[in-house]
Amino acid sequence: MPTKNTKFYSLLLLLADILVLLVAFTMAYILRVHYDPRPLLAPVYATDYLEAFAVIVPIWIIIFASIGLYNASTYSRRLVEWGKIALGAFIGILVIIGWEYVTEKHFFPARLVAVYAFAGSFLLLLLEREVFRLVRGLLFYYGRGVSRVLIIGDSGATSDIAASLSNTQRSGYKIVAIAGPAKIVPNGLHIEHFSTVESALKHVRELRITTIIQTDLYDSAERNQLILGAAQVNHISYNFIPGEPEFYTGKNTVDVFLGYPMISVSQTPLVGWGAITKTIFDRIISCILIIVLSPIFLILIILQMILNPGPIFYISKRLSRFSQPVSLIKFRSMRPEYGRRDAADEFRTMDRKDLADEYEQHRKVENDPRITSFGHFLRNSSLDELPQLINVFKGDLSLVGPRPILPQESKFSPAKTALLHSVKSGVTGLWQVSGRSNLTFEERIELETFYAQNWSFWLDIKILFKTVAVVFRKTGAK
């Protein structure tokens with residue numbers, strides 16, 4: 001919800017970034033030119049350097065803006081902001097080097113100046129943003145620049161939004177009142193409660209409301225118009241957040257159709273250039289990993305032959321994008337005679353009804369007697385999933401995505417399955433880094449649905465890094 005305060009904050013960040021970049025580039029020049037006795041690549045005088053910087057800095061700011069460094073969705077999340085600062089600084093340096101190559105003019109008097117400029121700009125921008133975050137939090141804590149909010153609605157979304165915004169120091173919003181059933185007021189949130197919209201709107205000025213958030217449209221058009229009209233009359237911000245977000249998640253476009261605003265909803269934002277970028281990234285990274293990890297592949301194959309006689313790999317039919325079947329490749333961890341039928345049927349054949357019931361309830365079992373000793377090692381270390389890199393290189397899977405499900409699992413949640421399969425399944429995903437085997441089947445589906453509807457390249461990178469940490473800690477591995 002962009003407000004005057006967020007726009008002003010973004011402007012301050014922009015101006016501070018320009019100043020920080022000037023300091024970083026000046027320090028880089030001074031360190032190399034004045035404190036390093038080695039010869040320079042080209043004589044670039046300080047005045048020429050600063051004049052060139054004045055031409056270059058708007059390009060850096062445009063790069064920063066294009067990757068979202070001045071959006072609240074970025075500067076409100078520390079790790080996302082850090083990653084984008086690193087990317088922006090790197091792209092900016094590449095632009096300067098490319099400009100030097102094309103024009104055959106020297107911006108940097110020595111190559112080390114470019115290194116200093118990149119490192120200095122990255123570190124100083126981080127420091128600047130952290131100082132801004134600290135000051136902003138303190139201002140919010142003392143009530144400065146805070147939006148005073150009236151939330152109107154009667155759904156679960158109303159309560160969720162109120163609870164999420166209740167931390168004023170972090171959100172910049174102070175929940176002043178809620179209009180709706182008493183049950184939607186979050187526990188521990190001491191605010192004004194109004195049972196009707198009309199009574200709440202009468203107190204807008206008295207409560208000094210600056211923002212109205214409506215989460216549900218009422219059957220009466222007059223009632224909805226009353227809310228919007230109250231915001232317009234009092235010159236305050238009005239925001240409508242639908243209480244049924246599944247109709248608005250994914251990639252949305254807003255257009256005008258026959259004079260009416262029309263919202264077109266896609267199942268996932270992973271379309272167009274995003275899908276192309278993800279595919280190229282998957283192929284390159286999987287190829288590199290297969291080459292780098294080939295000695296480990298060879299060792300595991302030999303150990304399989306010695307400690308786990310039988311087929312080295314286990315091929316499982318799974319469903320991926322658009323519910324298309326793929327042959328999932330894993331190192332075999334079960335005895336050769338198992339894994340060919342549904343697990344519940346195999347447990348019943350073993351006269352283990354308890355395990356069959358456990359599997360049908362949770363889609364997993366705590367102690368699976370079908371797994372060999374070496375198979376337990378493979379699963380606990382996640383090494384059994386290494387061959388899936390071959391699936392990624394072939395294009396069957398992605399590095400990150402919803403877990404490929406068994407064909408028989410699709411019947412448990414047909415609507416959710418359709419959403420999951422709007423994107424390609426992955427070797428790792430949001431559920432693996434959020435508890436892995438400790439999560440229930442329903443929680444796993446919810447997380448993976450969120451991923452499909454809210455995909456971004458940065459989310460993929462974050463999940464990949466978290467996967468490495470999870471594997472080394474063996475968090476939730478079974």
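The values are calculated or read from the model by the stated rules, or taken from the named source; none is laboratory data. Predicted, not measured: the structure shown is a model, and the values here were computed from it. Neighbour counts run over all protein chains shown; Cβ positions are idealised from the backbone, glycine included.
For (1) within 19 Å of L125 (Cα to Cα); (2) out of contact with any strand residue (DSSP E or B) (no Cβ under 7 Å at 6 or more places or on another chain); (3) outside the structural domain of Y238 (by TED's automatic domain parsing); (4) not polar (S, T, N, Q), each residue gets a yes or a no:
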{"site": "L13", "(1), (2), (3), (4)": "yes, yes, yes, yes"}
{"site": "L31", "(1), (2), (3), (4)": "yes, yes, yes, yes"}
{"site": "P43", "(1), (2), (3), (4)": "no, yes, yes, yes"}
{"site": "T47", "(1), (2), (3), (4)": "no, yes, yes, no"}
{"site": "P58", "(1), (2), (3), (4)": "yes, yes, yes, yes"}
{"site": "A65", "(1), (2), (3), (4)": "yes, yes, yes, yes"}
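Let's see how each residue does on (1) part of a loop (DSSP other than H, G, I, E, B); (2) closer than 22 Å to F8 by Cβ; (3) polar (S, T, N, Q); (4) at pLDDT 90 or above:
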position: G145; (1), (2), (3), (4): yes, yes, no, no
position: V149; (1), (2), (3), (4): no, yes, no, yes
position: D154; (1), (2), (3), (4): yes, no, no, no
position: I178; (1), (2), (3), (4): no, no, no, yes
position: L189; (1), (2), (3), (4): yes, no, no, no
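Does segment 333-356 include one or more residues that are at negative phi, basic (K, R) and in contact with a Pro (Cβ under 6 Å, 6 or more places away or on another chain)?
Checked against the condition, which is being at negative phi, basic (K, R) and in contact with a Pro (Cβ under 6 Å, 6 or more places away or on another chain), segment 333-356 yields no hits at all.
Please verify whether segment 51-70 includes one or more residues that are β-branched (V, I, T), more than 30 Å from K466 (Cβ to Cβ) and in contact with a Pro (Cβ under 8 Å, 6 or more places away or on another chain).
No.
Consider A163 carefully, then state whether it is among the aliphatic types (A, V, I, L, M), under 16 Å from T210 (Cβ atoms) and modelled with pLDDT of 85 or more.
no
Do you know which residues across segment 33-67 are more than 23 Å from T103 (Cα to Cα) and part of a helix (DSSP H, G or I)?
Answer for segment 33-67, where residues must be more than 23 Å from T103 (Cα to Cα) and part of a helix (DSSP H, G or I): H34, Y35, F64, A65, S66.
Residues being under 20 Å from I93 (Cβ atoms), surrounded by fewer than 16 Cβ atoms within 10 Å (Cβ to Cβ) and of a type in the set (V, I, T): count how many of those fall in segment 19-55.
Selection size over segment 19-55: 3.
For P39, are the conditions met, namely being without any contact (Cβ under 8 Å) to a residue 24 or more places away in the chain and either assigned by TED's automatic domain parsing to the domain that holds H235 or over 14 Å from R129 (Cβ atoms) (or both)?
yes
From A52, A65, A72, A86, which residue is among the small types (G, A, S) and more than 30 Å from F140 (Cα to Cα)?
From the options A52, A65, A72, A86, the qualifying one is A52.
I need the full set of residues from segment 451-460 which are over 14 Å from Q432 (Cβ atoms) and part of a helix (DSSP H, G or I), in order please.
A452, Q453, F457, W458
Check A177 against each of (1) within 29 Å of the chain's Cα centre (by Cα); (2) assigned by TED's automatic domain parsing to the domain that holds E198 and name the one condition it does not meet.
Answer for A177: the failing condition is (1).
Restricting segment 407-446 to residues that are at pLDDT 75 or above and assigned to a loop (DSSP other than H, G, I, E, B), which is farthest from I461 (Cα to Cα)?
Filtering segment 407-446 for residues that are at pLDDT 75 or above and assigned to a loop (DSSP other than H, G, I, E, B), the one farthest from I461 (Cα to Cα) comes out as S422.
Is it true that I85 is at pLDDT 80 or above, of a type in the set (A, V, I, L, M), surrounded by 15 or more Cβ atoms within 10 Å (Cβ to Cβ) and over 17 Å from L12 (Cα atoms)?
no
Going through segment 315-332 one residue at a time, which ones are at positive phi and either touching a helix residue (DSSP H, G or I) at 6+ places or on another chain (Cβ under 8 Å) or buried (at least 19 other Cβ atoms within 10 Å of the Cβ) (or both)?
S323
Taking segment 258-282 as the search range and keeping residues that are small (G, A, S) and surrounded by 12 or more Cβ atoms within 10 Å (Cβ to Cβ), which one is modelled with the highest pLDDT?
Result: A275.
From the list A157, A162, exactly one residue is of a type outside the set (V, I, T) and surrounded by fewer than 21 Cβ atoms within 10 Å (Cβ to Cβ). Which is it?
So the residue among A157, A162 that is of a type outside the set (V, I, T) and surrounded by fewer than 21 Cβ atoms within 10 Å (Cβ to Cβ) is A157.
Only one of these is of a type in the set (A, V, I, L, M, F, W, C) and touching a Gly at 6+ places or on another chain (Cβ under 9 Å): M305, M334. Name it.
Selected residue: M334, the only one of M305, M334 that is of a type in the set (A, V, I, L, M, F, W, C) and touching a Gly at 6+ places or on another chain (Cβ under 9 Å).
State all residues of segment 325-349 that are of a type in the set (K, R) and either in a loop (DSSP other than H, G, I, E, B) or free of Cβ contacts under 8 Å to residues at least 24 places away in the same chain (or both); if no residue qualifies, say none.
R332, R335, R340, R341, R348
For V204, state whether it is of a type outside the set (D, E, K, R), free of Cβ contacts under 8 Å to residues at least 60 places away in the same chain and not in a loop (DSSP other than H, G, I, E, B).
no
May I ask you to say which residue of L94, L112, L124 is more than 29 Å from F8 (Cβ to Cβ), in contact (Cβ under 8 Å) with a residue 60 or more places away in the chain, in a helix (DSSP H, G or I) and of a type in the set (A, V, I, L, M)?
Answer to the check: L112.
Which numbered condition trips up D384, out of (1) in a helix (DSSP H, G or I); (2) in contact with a Pro (Cβ under 8 Å, 6 or more places away or on another chain); (3) not basic (K, R)?
All conditions are met except number (2).
Keeping to segment 108-148, report how many residues are surrounded by 15 or more Cβ atoms within 10 Å (Cβ to Cβ), within 29 Å of V185 (Cα to Cα) and more than 27 Å from the chain's Cα centre (by Cα).
Total meeting the criteria: 3.
Can you tell me which residue among V20, V80 is within 19 Å of L126 (Cβ to Cβ), touching a Leu at 6+ places or on another chain (Cβ under 6 Å) and among the β-branched types (V, I, T)?
None of the other options fit; the residue is V20.
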